[in-house]
Structure formats: structure tokens, C-alpha cells
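The structure appears right after this line, and notes come after that.
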Amino acid sequence: GEDISLSLDAELSDVVAHAFPPEFKGAVVVTKPSTGEILALYSSPSFSSNTFSFGMSAQEYKTLLTHPDRPMFDRAIGGVYPPGSTFKIVTALAAVEEGVVKRSTTVEDVGVIKIGPFSFPNWYFLQYGKTDGIVDLPKALQRSNDIFFYKIGEWLGITKIAAWARIVGIGKPLGIELAGEASGLMPDPAWKAAWFDTKADREVRNDEWYVGDTYHVSIGQGYLLTTPLQVNAWTNFMASNGKLCRPTIKKVTSGRGQETGDCK
């Protein structure tokens, strides 16, 4: 008894497509946090579906498939990348929920943390030779301060960071009704200790987890890999005050005219 239609907004999708610089590869995801409805889902470079509707030769199809820019690859749901500082939202969430960070918690930005021969700098120090001084959580998020997140990542430990990351959907498909969604990778000590050697992927780990690995993950780098759709999902989780919705391209309205969604 429900009316179902696409959630996609044609005008917004057109704006997104024309605003994306054509020389760049990437993706844009726009959703409604309260329901998970996707309003725009764009992958660049793209292709026109009219190419298929109006017919094409076998050679044209082969050219499209083998193009080095991979226009038929949906980067929005299938591409996996280090999320960078967007992941600091997840680190902050874990720190607050685990009681590691309180309103009064501060960290002094010393510019760079050194562990043995390894250095872990803040971007501000690396680019301008400056520091942010005493930093609390709001300032750390405003300034994207790496030193703060290195330290709270160390206090949390990778196991707790990974647990909260998985809660918001990292490391598994989110369940969108489209083929080709990637899981991404939420690394942890067990993953790094595993021996992994196949013909398809000759990566060999069999190594222990170091605090430097935790530092990297805490700021969204290192072994961590996520899809643009997953970045959108954990951002929506915060925007909706802890409401986690499965991303959907369907607009579902109940008989009473109320919007519904697969949320928890």
C-alpha cells in the first residue's frame, strides 16, 4: 500500500554534474540524513546512458569499457580511498562515547610528535611552521588538528576506534540498491597480523600493529579505505544526532503521508 519512487532529485543532480570539474576524478553524494534518501549520486568521469539507448557499435562499447579514466566505474559506491580528515569525526565520536575525551580535555599542539625515527606532524606545522597551542575537541575539529587526534587515537587504541567505525558502517557494504558497492577496509591488529598472499594480490603483511599505525588511522590515513558513500553515511549519523539510515535511491511514503526509512 505504499507509493514508491526514486529519491533522486533531477535538478540537483544536474547542478552536481555541471559543478564537478571535468578534469578531476571523484564522486559526489547528497542525501537526506533523516531518511537515508539519496538526492544526488555522481561519479566523474561519467558517460551518457543515451549512448546505450540510441545504440553503439561493438568497438564503441569496447572503447568505453577500456578507457583509462574508467567512466563506467561508479566511484561513489565502488571506489575506495583513504578518507583523510573526514574520519576525524569518527575518531571524535569514539573518544566521546568511550569517555576518553570530555569537555575539559585539552592537548597541546607541539607541531610534531616523534616516536623513535618516525615523525608525525600536524599539517599546520608542516606547511607553515606554526602550532595551534592548547586544543580542545571543538577547536581540534575546527582546525582539523592532527596532534589532537593522534593523541586521542593513542588513548582510545585501535580496537575501540575500529569498533565505532564499524558501527557507522565502515568495512562493510551499506546496502544501497545498486550493484558494485565496495566494503572498504577498517584495519586492526588481527588484519595486519594475517598472512595474505594470493595470485590476485601479492600484499604480504604478517606484522604487528604499532602506535604509528593508530596515529595514521586516527586522522583517516594509513591502511584505512572507505567509499564516498560511507563518508556520507557517518557524516549523516552525526547530522541526524545518532540516527543511522541505510542509503536508498527509493523514496518511500507511508499511507499517512509520512516519510519512512530503514533507520536505527
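A few remarks follow.
- Taking the numbered list (1) open to solvent by 70 Å² or more (accessible area, probe 1.4 Å); (2) on the phi < 0 side of the Ramachandran plot; (3) at pLDDT below 95 in turn, residue 260 passes all entries but (1).
- Selected residue (only one of 58, 10 is free of Cβ contacts under 8 Å to residues at least 12 places away in the same chain and within 20 Å of residue 249 (Cα to Cα)): 10
- Meets criteria (farther than 22 Å from residue 147 by Cα, open to solvent by 20 Å² or more (accessible area, probe 1.4 Å) and at pLDDT 95 or above) for residue 241: no
- Listed by position, the helices (runs of 4 or more DSSP H) inside segment 2-102 whose residues that are open to solvent by 50 Å² or more (accessible area, probe 1.4 Å) number at least 2 are 10-19, 50-53, 58-66, 88-97.
- Within segment 33-48, residues that are closer than 12 Å to residue 228 by Cβ and in contact (Cβ under 8 Å) with a residue 40 or more places away in the chain sit with their Cβ atoms under 9 Å from residues that are of a type in the set (Gly, Ala, Ser) and open to solvent by less than 20 Å² (accessible area, probe 1.4 Å), at 6+ positions apart or across chains, in these pairs: 38/7; 41/76.
- Pick from segment 103-146, criterion free of Cβ contacts under 8 Å to residues at least 24 places away in the same chain and among the charged types (D, E, K, R), ranking: least open to solvent (accessible area, probe 1.4 Å): 132
- Matching residues, segment 152-182, being open to solvent by less than 60 Å² (accessible area, probe 1.4 Å) and free of Cβ contacts under 8 Å to residues at least 24 places away in the same chain: 171
The values are calculated or read from the model by the stated rules, or taken from the named source; none is laboratory data. This structure is a prediction, so every number in the text was calculated from the model and none was measured. Neighbour counts are summed over all protein chains in view; Cβ atoms, including those assigned to glycine, are modelled from backbone coordinates with ideal geometry. For the accessible areas, the whole protein counts, side chains as well, though only heavy atoms, and no ligand, DNA or RNA atoms are used. Shrake-Rupley method; radii C 1.70, N 1.55, O 1.52, S 1.80 Å.
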